[in-house]
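*Asks:* This is the structure, below, for whatever I ask next.
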Amino acid sequence: MSVVREIAKKTLPLLEHEQSSEYARNQFYGSKFQADSLAQRDYRTFAKKRPPTELPSLAVGLRIDESASMSAFGRLDAAKSAIISVYEFCEICKIPIMIYGDTADKSKLEQMSIYAYADFDKPDDRDRYRLMNIRARSNNRDGMALRIIAERLLNASQKTKLLISLSDGQPKAMPDYTGSFAYDDVQRTIAEYERKGISFLAAAIGHDKDVINGIYGRERFLDITDLKELPAKLVRIIARYL
């Protein structure tokens with residue numbers, strides 16, 4: 001939290017709205033008298049400043065890979081720290097955030113299961129505690145998970161929409177969601193929603209970093225070699241989009 005507060009302290013001044021220099025003319029009252037309007041005889045002889053714009057504007061979607069391999073090498077604990085850091089930073093800066101986890105093949109009836117831990121449409125003071133339910137489960141069907149979260153982000157009114165995928169491995173689910181088929185599915189999803197205005201970022205925390213880099217592309221890839229750096233790096237990345 002000390003790291004989060006320090007980054008937020010540096011970020012908050014960027015969110016302060018600049019004073020508007022534009023005036024709305026022909027008002028019944030205002031802060032500036034317009035002598036040239038006297039000839040109109042309609043008593044609209046004042047001008048007042050227009051309200052400042054609401055930019056910068058950002059909404060964040062955070063997708064967590066809840067595959068079984070996340071339980072290895074302290075990845076799940078590192079992921080939780082990062083997720084909580086991002087959540088608290090967005091709360092301080094009043095940035096709308098949604099946090100969804102997903103897994104595949106949990107049962108024969110569920111090719112993919114998705115878990116909503118926080119949602120900007122239904123903010124809840126207990127979201128930060130709900131995040132503790134994130135866990136390693138089964139496989140991962142990344143394309144569908146990204147598509148669901150991207151669709152939710154499209155409904156946000158904010159101008160900039162950032163979708164971060166936090167994963168330790170390449171997409172793999174039964175019966176044949178793997179290799180080039182899975183990679184193409186993820187890349188098609190990214191291409192489709194980037195055209196609609198979604199920005200993607202993949203944070204790789206496992207041994208499949210090279211594969212994830214190849215799927216998402218270098219411009220969308222964040223390599224986390226030291227898991228201890230993950231929380232601060234993710235928060236700083238989000239601050240850059242403001």
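The values are calculated or read from the model by the stated rules, or taken from the named source; none is laboratory data. Predicted model, so just to flag it, every value in this text is computed and none were measured. Here Cβ is always computed from backbone atoms with ideal geometry, including for glycine, and neighbour counts include all displayed protein chains.
*Asks:* Suppose we keep only residues that are among the polar types (S, T, N, Q) and touching a strand residue (DSSP E or B) at 6+ places or on another chain (Cβ under 6 Å) within region 192-242. Which one would you say is modelled with the highest pLDDT?
*Replies:* Per the criteria, the residue is Ser199.
*Asks:* Picking from Phe73, Phe89, which residue would you name as being farther than 23 Å from Glu194 by Cα, part of a loop (DSSP other than H, G, I, E, B) and at pLDDT 85 or above? Lay out the reasoning, then the answer.
*Replies:* On the way: Phe89 fails: part of a loop (DSSP other than H, G, I, E, B).
Sole residue among the options that is farther than 23 Å from Glu194 by Cα, part of a loop (DSSP other than H, G, I, E, B) and at pLDDT 85 or above: Phe73.
*Asks:* In region 156-173, is there at least one residue being of a type outside the set (Gly, Ala, Ser), under 18 Å from the mean Cα position of the chain (by Cα) and assigned to a loop (DSSP other than H, G, I, E, B)? Give the derivation first.
*Replies:* Here is the first cut: in region 156-173, the ones of a type outside the set (Gly, Ala, Ser) are 158-164, 166, 168, 170-172.
Restricting the remaining residues to those that are under 18 Å from the mean Cα position of the chain (by Cα) gives 158-164, 166.
Add one more test, that the residue is assigned to a loop (DSSP other than H, G, I, E, B), and what stays is 158-159.
Yes, because at least one residue in region 156-173 is of a type outside the set (Gly, Ala, Ser), under 18 Å from the mean Cα position of the chain (by Cα) and assigned to a loop (DSSP other than H, G, I, E, B).
*Asks:* Taking region 60-85, which residues are surrounded by fewer than 24 Cβ atoms within 10 Å (Cβ to Cβ) and of a type in the set (A, V, I, L, M)?
*Replies:* Hits for region 60-85 are Ala68, Ala72, Leu76, Ala78, Ile84.
*Asks:* Could you check region 167-197 and list, in sequence order, the residues that are closer than 11 Å to Leu146 by Cα and either of a type in the set (A, V, I, L, M) or not assigned by TED's automatic domain parsing to the domain that holds Gln111 (or both)?
*Replies:* Val186, Ile190, listed by residue number.
*Asks:* Also, I was wondering about something else. Of everything in region 158-176, what is in contact (Cβ under 8 Å) with a residue 24 or more places away in the chain, of a type outside the set (A, V, I, L, M) and more than 18 Å from Gly206 (Cβ to Cβ)? Give them in sequence order.
*Replies:* If the condition is that a residue be in contact (Cβ under 8 Å) with a residue 24 or more places away in the chain, of a type outside the set (A, V, I, L, M) and more than 18 Å from Gly206 (Cβ to Cβ), then Gln158, Lys159, Thr160, Lys161 are the ones that fit.
*Asks:* Considering only residues that are assigned to a helix (DSSP H, G or I) and either without any contact (Cβ under 8 Å) to a residue 40 or more places away in the chain or aromatic (Phe, Trp, Tyr) (or both), which ones fall in region 210-232? Walk me through it before giving the result.
*Replies:* Applying the first criterion (assigned to a helix (DSSP H, G or I)) to region 210-232 yields 210-216, 218-220, 227-232.
Result: Asp210, Asn213, Gly214, Tyr216, Arg218, Glu219, Arg220, Glu229.
*Asks:* Ok, one more. With the requirement that a residue be within 25 Å of Val86 (Cβ to Cβ) and modelled with pLDDT of 90 or more, what does region 168-186 give you? Walk me through it before giving the result.
*Replies:* Keep residues of region 168-186 that are within 25 Å of Val86 (Cβ to Cβ), which gives 168-171, 186.
Pro171, Val186 - these are the residues of region 168-186 that are within 25 Å of Val86 (Cβ to Cβ) and modelled with pLDDT of 90 or more.
*Asks:* Every residue in region 159-183 that is of a type in the set (S, T, N, Q) and in contact with a Phe, Trp or Tyr (Cβ under 9 Å, 6 or more places away or on another chain), please.
*Replies:* Hits for region 159-183 are Thr160, Ser165, Gln170.
*Asks:* Which residues, taken from region 196-235, are among the basic types (Lys, Arg) and loosely packed, with under 15 Cβ neighbours inside 10 Å? First the steps, then the outcome.
*Replies:* First pass over region 196-235, keeping only residues among the basic types (Lys, Arg): 196, 209, 218, 220, 228, 233.
Listed by number, the residues that qualify are Lys196, Arg218, Lys228.
*Asks:* Residues of region 174-195 being in a helix (DSSP H, G or I) and loosely packed, with under 14 Cβ neighbours inside 10 Å, which ones?
*Replies:* Gly179, Ser180, Phe181, Asp184, Arg188, Ala191, Glu192, Arg195 - these are the residues of region 174-195 that are in a helix (DSSP H, G or I) and loosely packed, with under 14 Cβ neighbours inside 10 Å.
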